[in-house]
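Worksheet: the structure to be examined is printed underneath.
The values are calculated or read from the model by the stated rules, or taken from the named source; none is laboratory data. From a predicted model like this one, the values you see are computed outputs, not experimental measurements. Ideal geometry is used to build each Cβ from the backbone, glycine not excepted, and the neighbour counts take in all protein chains shown.
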Amino acid sequence: MFSLLTNLFLVGISGLLVGAAVGRGAYRHYSHRMEELYLLCGGMLIGVIVFELIPESMHSFEPMGILLGALLSFLLFVLIEASFHNRLVHNKYVPVIAFVFALLSHSIPVGVAIGINGDGGEFGGVLLLALFIHHIPEGVALVLFMAISGLKSRYSILAAALISFALVLSAALGTHVAPSYTVNGFLTGVAIGSLSYVAWYEIILKVKGRVFLRTLFLYISMGILIIVTYMKIVHKLF
């Protein structure tokens, strides 16, 4: 089991950092088109929410727990933004915090599932490989949000380590005590609500008016298309 947890941490952080490297390269080449880059990232989040998180969570967990978690997390960040908008100069960090919070929330039920089913054998190896590939687009979005917010690369590494550590802890928990479907559904809902807040409140509403509507829809659609294409490739592999 220790070997599985070690591999889980290494695979989780490696996938995030590979994605972060891709995202950093994209930022360096297209930082002069900040709004378009931001919208592309927003489209990727919408793609993850609509085509991955919602279908998987509705299939695995209780809808009421998912809805409650999504509403509470969305409202929480809206209230934080409203409360500190005029008090803190660094309110631009709110989308970064919300995104990391979403990844942490999503890591717990995923880690629990690995802890229950992973035994270090062939099945565990396939699961770890799928997890590595799954984390790459998350790493891309993570570093883009941090770069746009003016944070240095070391914070991306710190966030990746934190998310991977949460994955390991929840996997260890899953080997002993499996949280109820309601709790796991609630946590998945928290991830959905947090990502929805970032995509809608921190990207679409704040970029709207600064670009043409056709540009807004074009880059959001491109982001969604990237995620959908990526998911189809991954599903064919697994």
Restricting to the stretch 2-56, what's the tally of residues that are of a type outside the set (S, T, N, Q) and outside any helix (DSSP H, G or I)?
2
Pull up the stretch 1-46, narrow it to residues that are over 15 Å from I136 (Cβ atoms) and charged (D, E, K, R), then point me to the one that is modelled with the highest pLDDT.
E36
For L225, all conditions in the list (1) under 15 Å from the mean Cα position of the chain (by Cα); (2) under 24 Å from L131 (Cα atoms); (3) hydrophobic (A, V, I, L, M, F, W, C) hold save one; what is the number of the exception?
(1)
Which one of these is within 20 Å of V110 (Cβ to Cβ) and touching a Pro at 6+ places or on another chain (Cβ under 6 Å): L173, L187?
L187
Regarding I80, is this residue more than 21 Å from K152 (Cα to Cα), at pLDDT 90 or above, part of a helix (DSSP H, G or I) and not charged (D, E, K, R)?
no
Residues of the stretch 134-162 satisfying the condition of being part of a helix (DSSP H, G or I), surrounded by fewer than 20 Cβ atoms within 10 Å (Cβ to Cβ) and either over 17 Å from the mean Cα position of the chain (by Cα) or modelled with pLDDT of 90 or more (or both)
S153, R154, Y155, I157, L158, A161, L162
So, of the residues in the stretch 54-67 that are hydrophobic (A, V, I, L, M, F, W, C) and surrounded by 21 or more Cβ atoms within 10 Å (Cβ to Cβ), which turns out to be modelled with the lowest pLDDT?
F61
List pairs: first residue in the stretch 130-148 and free of Cβ contacts under 8 Å to residues at least 24 places away in the same chain, second residue among the hydrophobic types (A, V, I, L, M, F, W, C) anywhere in the structure, Cβ distance under 9 angstrom, at least six positions apart or on different chains.
none
Filtered residues of the stretch 38-67 (kept if over 14 Å from A199 (Cβ atoms) and touching a helix residue (DSSP H, G or I) at 6+ places or on another chain (Cβ under 9 Å))
E56, S57, M58, S60, F61, E62, P63, M64, G65, I66, L67
Give me the pairs: first residue in the stretch 4-26 and in contact (Cβ under 8 Å) with a residue 24 or more places away in the chain and crowded, with 17+ Cβ neighbours inside 10 Å, second residue of a type outside the set (G, A, S) and not in a helix (DSSP H, G or I), beta-carbon distance under 8 Å, and six or more apart or on different chains, which are they?
L4/D119
Out of contact with any Asp or Glu (no Cβ under 9 Å at 6 or more places or on another chain), surrounded by 22 or more Cβ atoms within 10 Å (Cβ to Cβ), at pLDDT 90 or above and part of a helix (DSSP H, G or I), is that true of G115?
no
Test for A191: is it of a type outside the set (F, W, Y), closer than 21 Å to M34 by Cα, buried (at least 17 other Cβ atoms within 10 Å of the Cβ) and modelled with pLDDT of 85 or more:
no
Between a first residue in the stretch 55-78 that is more than 9 Å from G189 (Cα to Cα) and without any contact (Cβ under 8 Å) to a residue 24 or more places away in the chain and a second residue that is surrounded by 15 or more Cβ atoms within 10 Å (Cβ to Cβ) and among the aliphatic types (A, V, I, L, M), which pairs have beta carbons less than 8 Å apart while being 6 or more apart in sequence or on different chains?
M58/I66
